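Throughout, read-outs are computed from the coordinates displayed, never taken from laboratory work. Note that the coordinates shown come from a computational prediction; the quantities given were computed from them, not determined experimentally. For neighbour counting, all protein chains shown are included, and Cβ atoms are generated from backbone atoms with ideal geometry for every residue, glycine included.
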Amino acid sequence: MLGRSIPLLHVGRMADAWRIYVDQLGFAVHSEVRADDALPDPAYLVVQRDDAVLHLSSFSGDGVSGHVATILAADVDALHAEFIAKGAAIRMPPTDQTWGTRELYVEDADGNSLRFQQLLHGPS
C-alpha cells in the first residue's frame with residue numbers, strides 16, 4: 001500500500017518562494033532548514049495548507065525548477081478569487097477539462113506550476 005506523495009519543488013530564492021507559497025497561496029510553514037542561518041539561501045521549507053504538503057528547496061542538489069504538482073481542491077473558483085486578491089500569478093483560470101475536472105494553474109517565480117484540481121461529478 002502506498003502512502004501520501006509529497007512533491008519537492010526546486011526554487012531559486014527562498015524569499016520569492018515564501019512570498020508566493022505562504023503570503024499569496026496561504027500555506028503555513030511547517031519547518032525550515034538553512035545551510036547557514038545568516039544567509040537566506042540555500043534553504044529547505046516544508047509548507048502545508050489543509051492536507052496539502054509541499055517541500056520547497058533552494059539547495060542545488062534538489063532537482064530542477066519547472067515541475068507541476070497537482071493538489072485536489074473542493075472549490076477552485078473560491079481559490080482563484082482568493083489568489084487573485086493576493087496577487088498570485090495565475091497561469092490558467094478555472095477551466096473545465098474534458099476528463100472530468102475543473103483546474104486552476106498557479107505558477108511560481110521559478111516556473112513550477114501548482115494544478116489545483118476539482119473533481120466534477122455528473123448527475124447520479
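Structure values in brief
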{"read-out": "Rough spin-label spacing in nm, given labels placed 7 Å along Cα→Cβ, for A85 and A35", "value": "3.9 nm"}
{"read-out": "In the range 1-79, the trypsin sites (Lys or Arg not before Pro) that fall in loop regions by DSSP, at most 15 other Cβ within 10 Å", "value": "R4, R13"}
{"read-out": "Relative contact order (percent, whole number), the chain, Cα cutoff 8 Å, 6+ residue spacing", "value": "24 percent"}
{"read-out": "Check: the range 8-119 dipole with +1 on Lys, Arg Cβ and -1 on Asp, Glu Cβ, in debye", "value": "140 debye"}
{"read-out": "Radius of gyration, Dmax [the chain; alpha carbons; angstrom]", "value": "15.2, 58"}
{"read-out": "The range 61-76 - phi-based ³J(HN,Hα) in whole Hz, Karplus 6.51/-1.76/1.60, Gly and Pro as x", "value": "x, 9, x, 10, 7, x, 9, 10, 10, 9, 10, 5, 9, 7, 8, 6"}
{"read-out": "³J(HN,Hα), Karplus 6.51/-1.76/1.60, whole Hz, each residue of the range 20-35, x for Gly, Pro", "value": "6, 6, 8, 6, 8, 9, x, 6, 9, 6, 8, 7, 8, 10, 10, 5"}
